[in-house]
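Visitor: Take a look at this one; I'll ask things after.
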Amino acid sequence: MTTARGYDEVVRGRRSIRGFLDEPVPKELVAEILEVAMRAPSSYNNQCWNFSVVTGAPLDAIRRGNTEGILAGKPDSREFRRFDGGADMHRARQIEVAKQLFGAMGIARDDKDGRQDWVLRGFRQFDAPVSIVVTYDRVLLGSDIAPFDCGAVTNALVNAAWSRGLGCVINSQGIMQSPVVREHARIPDDQVIMICVAMGWPDESFPANAVVSNRKSIEDAVRFVGFDD
Ligand SMILES: Cc1cc2nc3c(=O)[nH]c(=O)nc-3n(C[C@H](O)[C@H](O)[C@H](O)COP(=O)(O)O)c2cc1C
């Protein structure tokens, strides 16, 4: 077991990592992280999640196929219902973090090539050495609880990785062409692809890695009921 940092320090310190060192991640370390992550709670303890940990040639084939498919205009084939827009406040938060990332990377508003390059990096899972494809048991397709449980384990995963010095970005751009992911990661038919997590050793010199995204306040998010009555 590697030494892990304290919980609050990990949760407050973690941020999405989008620039990685060209160094491998040991298989045993990924297994240890997943073992910790799978302590996550799940509905009825059904633990519907499964993981395909991909590196090397299959991951390169996924990056290539995903990017080529999107650029060729193939439709988005992610295996979940999409969120298109939301309310103004959701859009505002999306813009805010994009501005922070582009600002850090020195990509100007009118820099079309710079923006395109950034989007392509996302399709390539930011060239991370490892991608963990999170799937769930197809018998639960249609239940909202299965994606909820996948979210719980994925959050635990990125924090367990961070506590060991590894960086992650949860990355839905990387699975836009899900049939490509299914083929090269050899994902069984009884699994639904939920999300992927790009993982590797953070490149401290990559400016976007320093971005700390904002959160809404307790006042905005929380209603306390019955406390002061
Ligand atoms: C379900 C999900 C999908 C995401 N997909 C992407 C993605 O495709 N590309 C990306 O750059 N970041 C992606 N992110 C990362 C979010 O942008 C990031 O978590 C958010 O801006 C908060 O920043 P932080 O993780 O640094 O705290 C995703 C996060 C989640 C939870």
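Visitor: In debye, nearest 20: dipole of the range 1-91 around its Cα centre with unit charges on the Cβ of K, R (+) and D, E (-)?
Guide: Details: 14 positive and 13 negative charges, 57 e Å.
So the dipole magnitude of the range 1-91 works out to roughly 280 debye.
Visitor: I'd like the carbon and sulfur percentage of the solvent accessible area for the chain, probe radius 1.4 Å, heavy atoms only, ligands and nucleic acids excluded. It would help to have the intermediate numbers written out before the result.
Guide: Details: 7160 of 13480 Å².
The computed percentage sits at 53.
Visitor: Separation between the GLU96 and GLU183 pseudo-spin-labels, each 7 Å from Cα along Cα→Cβ, expressed in nm?
Guide: Rounded to a tenth, the inter-label distance reads 4.1 nm.
Visitor: Under a straight-distance cross-link criterion of Cα-Cα below 17 Å, which aspartates and glutamates are reachable from LYS27, leaving out those fewer than 8 residues away in the same chain?
Guide: Cα-Cα hits under 17 Å: GLU35.
Visitor: Sticking with this structure for a sec: In the range 89-157, what trypsin sites (Lys or Arg not before Pro) fall in a loop by DSSP, with at most 12 other Cβ atoms inside 10 Å? Write down the numbers at each step before the final one.
Guide: Numbers: sites: ARG91, ARG93, LYS99, ARG109, LYS112, ARG115, ARG121, ARG124, ARG138; in loops: ARG109, ARG124.
Hits after loop and neighbour filter: ARG109.
Visitor: To continue, here is another question. Over the residues of the chain, compute the C-alpha Rg and express it relative to 2.2 N^0.38 Å.
Guide: Cα Rg divided by the expected 2.2 N^0.38 Å: 1.05.
Visitor: Accessible area per residue, 1.4 Å probe, Å², for the chain: what's the number?
Guide: 59 Å²
Visitor: Separate question: Using unit Cβ charges (K, R positive; D, E negative) and no other charged atoms, how large, in debye to the nearest 20, is the dipole of the range 1-53 about its Cα centre?
Guide: Numbers: 7 positive and 7 negative charges, 53 e Å.
Rounded to the nearest 20 debye, it is 260 debye.
Visitor: Could you give the dipole magnitude of the chain about its Cα centre, charging the beta-carbon of Lys and Arg +1 and that of Asp and Glu -1, in debye to the nearest 20? Walk me through the numbers on the way to the answer.
Guide: On the way: 28 positive and 31 negative charges, 65 e Å.
Charge dipole, the chain, about its Cα centre: 320 debye, nearest 20.
Visitor: If we count every other residue with Cβ under 15 angstrom of PHE20's Cβ, Lys/Arg +1 and Asp/Glu -1, where does the sum land?
Guide: Values: positive: ARG15, ARG18, ARG63, ARG121, ARG124, ARG164; negative: ASP22, GLU23, ASP60, ASP127, ASP203, GLU204.
Computed value for this residue: 0.
Visitor: GNM, the chain, Cα, under 10 Å: largest mean-square fluctuation among ASP76, ASP88, ASP149?
Guide: Among ASP76, ASP88, ASP149, the largest mean-square fluctuation in the Gaussian network model of the chain belongs to ASP88.
The values are calculated or read from the model by the stated rules, or taken from the named source; none is laboratory data. Predicted model only: the values in this text are computed from it and were never measured. In this analysis, Cβ positions are derived from the backbone assuming ideal geometry, glycine residues included, and neighbour counts consider all displayed protein chains. Protein only, heavy atoms only, side chains kept; ligands, DNA and RNA dropped before computing areas. Shrake-Rupley method; radii C 1.70, N 1.55, O 1.52, S 1.80 Å.
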